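A.B. asks: My questions will all concern the structure given below.
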Amino acid sequence: MTSSFIHPAFIMIAGACLLPMIRGPFRKPFMFLVPLLTFISVIYLSQNAGTYGVFQFMNWELTFGRVDRLSTIFGFIMALMAIIGTIYGMHVKDEWQHVAAWFYVAGSLGAIYAGDFITLFLFWEMMAFASTFLIWARRDKEALAAGYRYILVHTFGGIILLLGFVLRYQATGDLSFDQMNVSSPELYTWLIMAGLMLNAAVPPLHSWLPDAYSKATAIGAVFMCAFTTKTAVYTLIRSCTGFEVLIYLGVFMAIYGIIYAMIENDVRKLLGWEIVSQVGYMVAAVGIGTSLAINGASAHAFAHILYKGLLFMAAGAILTATGKQKLTQLGGLYKKMPATMIFLLIGGLAVSGLPLMSGFVSKSMIVAAAFESHLYWVAFILIFVSAGTFLAAGLRLPYLLFFGDNNCSEETWEKAQDPSWNMQLAMTIGGFFCIFIGVYTPFLYNMLPNTDVVFKPYSAYHLSEVIQIMAFTAFGFFMLRKYIMPRDTISLDLDWFYRMGGRAFYWTVENPLQWLDNSLGKCYKSVGTNCLMATSAFWSWFDWHGIDGVVDGTARCVRAIGRRVTIVLQRGEIQHTIYYTISFAAVLLVGYVWL
């Protein structure tokens, strides 16, 4: 431990608490300073690995600062994204969005540096509740409903996670947040993994992601696309490495997400489905569990935060300018938003894994790990999904937004323009890193947790493989693009079950249960009230004639006796009074002695 330890999450929390009090020309410098100081704190900790912030609470030892190579790479990219996201949202005057975003970042950083399950759970719930306000901040009916669905799902996940922690502590007496025994999993192992998987949007616990991210504010979605799922990937790496079931779940995620991305009409839902697909790569890598796979999961999480943040920033720029986010209401925007088009193309090509882009040097590591572990079916499916990713995000999305048919109304077309300077600056930073990481791989590879792994992505075979796949996909798109045009429809997903379940519950409460409650009320009013009134009348009569009769009769009897005694004792003769008094005292004395 060291007294110089300042938790990066504490800086974000302190900044969030002070922000509402900062006014005028000091607001924007302060907004830039807080995430910058957080980033500097992360850099400082990366040079001083160790365990910090250890506190004794009751019989538990809480560790707030476990700094190693794994926490460092995730802390680095989270702090960097906090800077980018804050710059992107500087024009927003609603200070509470920034407060919620900073608490959200603090929750992520706190979970990353947590060394025990109690600390992890506290910051985990901070993430869930803070991010909910980024959805509600949009202040419309759909955002309100999506926010409630989001917080209910994450509260359910938190309860599962907490139950797993409690059962594990009961069984082992250990609260340390470390690798679990996945070779012989207990009930608590499955519960903890399920709670973590919900935040990673692993099907069937995934529907909250495209639902919530498409309803959040423009800056809210930029923050949300970066932190929740990647923090969950970090926790899976930390606790569930080598859990074989994650391979199957991750591959299913990759396929499931890309299928829905290719048929989605809502731009930000499409990007949400892309997150599900790309996080599937990371989950599968955690399941593979080798050093190369863990490096691949970490690298891909790092790269994914940047290119997905860039894509959501571009989508937010379009939403901010036009007020629209459906492909059937947009198109031909290259004339009105050329800068946004460039940034979206960079993000789309990066997520597709184009050589010299960040996705190429991270995604290929996971595929290579699958081949190395002789999981050929996993490797080939992930390669196939890469082609689908290029089709959905690298070709279809930019084509329909900027080069396809112009579906904009006159009002939308007039409003369309490139965003403010701060939004373009944030996208420039994101785009720069998407290219820089792909060109200069040591920047990312030197931060990876397993230093003994050597991987060279730019082999002749790998380059030729990727170029051929992308060329074939591009040819197929331009030949068959009329068959994948957007349609203004709703794509049914597994959320249909809990939506319909919620409606069924609401109908049950509103109709049969309400009818039963009303019937019981009427029955009580007609039967119970009459019985109560009759009972009350009886007890009133009994009180008047029974209780009062006894009490009043006793009083009358005492009064009569008193009058009689007065007549006998008070005759005006003092000798008689003294005699009776002494006699009465003697009787009392004898009785006291006798008893």
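The values are calculated or read from the model by the stated rules, or taken from the named source; none is laboratory data. Model, not experiment: these values are computed from the prediction. Cβ placement follows ideal geometry from the backbone for every residue including glycine, while neighbour counts extend to all protein chains displayed. These accessible areas exclude ligands, DNA and RNA; they are computed on the full protein's heavy atoms, side chains included. Shrake-Rupley method; radii C 1.70, N 1.55, O 1.52, S 1.80 Å.
A.B. asks: Sort R23, R138 from largest to smallest accessible area, using a 1.4 Å probe on the heavy atoms of the protein chains.
C.D. replies: Result of the area sort, largest leading: R23, R138.
A.B. asks: Any idea what Rg and Dmax come out to for the range 161-240 if you just take the C-alpha atoms, in Å?
C.D. replies: Using the Cα atoms of the range 161-240, the pair Rg, Dmax is 14.6, 45 Å.
A.B. asks: Shifting gears a bit: List the aspartates and glutamates whose Cα sits under 15 Å from the Cα of K28, skipping any in the same chain fewer than 8 residues away.
C.D. replies: Filter leaves D94, E95.
A.B. asks: Also: Counting C-alpha atoms alone, how compact is the range 210-313: give Rg to one decimal and Dmax as a whole number, in angstrom.
C.D. replies: For the range 210-313, the Cα-based Rg and Dmax read 13.4, 39 Å.
A.B. asks: What do you get for the angle between helix 291-322 and the principal long axis of the chain? Use alpha-carbon atoms, 0 to 90 degrees, nearest ten.
C.D. replies: On a 0 to 90 degree scale, this one is about 90.
A.B. asks: Helix 495-508 sits at what angle to the longest principal axis of the chain, using alpha carbons and giving 0 to 90 degrees rounded to 10?
C.D. replies: The helix 495-508 is inclined about 20 degrees to the chain.
A.B. asks: Using only the Cα atoms of the chain, what do you get for the radius of gyration and for Dmax, in Å?
C.D. replies: That works out to 35.6, 138 Å for Rg and Dmax.
A.B. asks: Which whole-Hz couplings ³J(HN,Hα) result when phi for each residue of the range 353-360 is put into the Karplus expression 6.51 cos²θ - 1.76 cosθ + 1.60, θ = phi - 60°, listed in order with x for Gly and Pro?
C.D. replies: With the stated coefficients, the range 353-360 comes to x, 5, x, 6, 10, 4, x, 5 Hz.
A.B. asks: Oh, and also: Amide H to amide H, which residues 5 or more places from D116 or on other chains are under 5 Å from it, using H placed in the peptide plane?
C.D. replies: Those lying under 5 Å, H to H, from D116 are T63, F177.
A.B. asks: Per-residue HN-Hα couplings for the range 382-389, Karplus 6.51 cos²θ - 1.76 cosθ + 1.60 at θ = phi - 60°, whole Hz, x for Gly and Pro?
C.D. replies: 5, 5, 4, 5, 4, 5, x, 5
A.B. asks: Would you please give the residues with an amide H less than 5 Å from that of N407, counting only those at least 5 places away or on a separate chain, with H modeled from the backbone geometry?
C.D. replies: Amide H to amide H, under 5 Å and 5 or more residues apart or across chains, N407 pairs with L330, G331.
A.B. asks: Per residue, how many Å² of accessible area does the chain show with a 1.4 Å probe?
C.D. replies: It amounts to 47 Å² per residue over the chain.
A.B. asks: Next question. Considering lysine pairs in the range 197-340 that are 8 or more places apart or on different chains, how many have Cα atoms under 19 Å apart?
C.D. replies: Lysine pair count for the range 197-340: 14.
A.B. asks: Only Cα pairs under 8 Å and at least 6 apart count here; give the relative contact order of the chain as a rounded whole percent.
C.D. replies: Answer for the chain is 12 percent.
A.B. asks: Take each of the peptides 98-109, 228-239, 325-336, average the number of other beta-carbon atoms within 10 Å over its residues, and list them starting from the highest.
C.D. replies: Final packing ranking: 98-109, 228-239, 325-336.
A.B. asks: Same structure, new question: Hey, how many Å between the Cα centroid of the range 42-107 and the Cα centroid of the range 505-550?
C.D. replies: That distance is 59 Å.
A.B. asks: Leaving out ligands, DNA and RNA, and with a 1.4 Å probe, what % of the accessible surface on the range 359-423 is carbon or sulfur?
C.D. replies: Reported share for carbon and sulfur atoms: 59 percent.
A.B. asks: Could you state the number of Å between the C-alpha centres of the range 298-321 and the range 395-455?
C.D. replies: 6 Å
A.B. asks: Regarding the range 247-293, what's the average projected area of the Cα-atom convex hull, expressed in nm²?
C.D. replies: Computed as one quarter of the Cα hull surface, the answer is 2.9 nm².
A.B. asks: Okay, moving on. At 4 °C and 1.567 mPa s, what whole-number value in µm²/s does Stokes-Einstein give for the translational diffusion of the range 93-142, with Rh from the Kirkwood sum over Cα pairs?
C.D. replies: So the translational diffusion coefficient is about 115 µm²/s.
A.B. asks: In what sequence, highest mean first, do 451-460, 158-167 appear when ranked by Cβ atoms within 10 angstrom?
C.D. replies: Descending mean neighbour count gives 158-167, 451-460.
A.B. asks: List every residue whose amide H lies under 5 Å from the amide H of R138, counting only residues 5 or more places away in sequence or on a different chain, with H placed 1.01 Å from N in the peptide plane.
C.D. replies: So R138 has HN proximity to T217.
A.B. asks: Which of the aspartates and glutamates could a cross-linker span from K482 if the Cα-Cα distance has to be under 16 Å and same-chain partners fewer than 8 positions apart are dropped?
C.D. replies: Correct list for K482: E264, D405.
A.B. asks: Cβ neighbours within 10 Å, averaged per peptide: list 88-95, 374-381, 60-67, 277-284 in order, most packed at the top.
C.D. replies: 277-284, 60-67, 88-95, 374-381
A.B. asks: Would you list, by chain and number, the aspartates and glutamates whose Cα falls below 17 Å from the Cα of K363, excluding same-chain residues fewer than 8 positions away?
C.D. replies: E274, E372, E465
A.B. asks: Give me the mean projected area, in nm² to one decimal, of the convex hull enclosing the Cα positions of the range 454-517.
C.D. replies: Averaging across all directions leaves 9.8 nm² for the Cα convex hull.
A.B. asks: Round to the nearest 10 and give me the degree value, 0 to 90, for the angle of helix 338-352's Cα axis relative to the longest principal axis of the chain.
C.D. replies: Orientation of helix 338-352: about 90 degrees from the principal axis.
A.B. asks: What do you get when you divide the Cα radius of gyration of the range 35-76 by 2.2 N^0.38 Å, with N the number of residues?
C.D. replies: Against the empirical 2.2 N^0.38 Å value, I get 1.30 for the range 35-76.
A.B. asks: Still on this model: Which whole-number value in Å³ per residue fits the convex hull of the alpha carbons of the range 282-399?
C.D. replies: About 97 Å³ per residue, rounded to a whole number.
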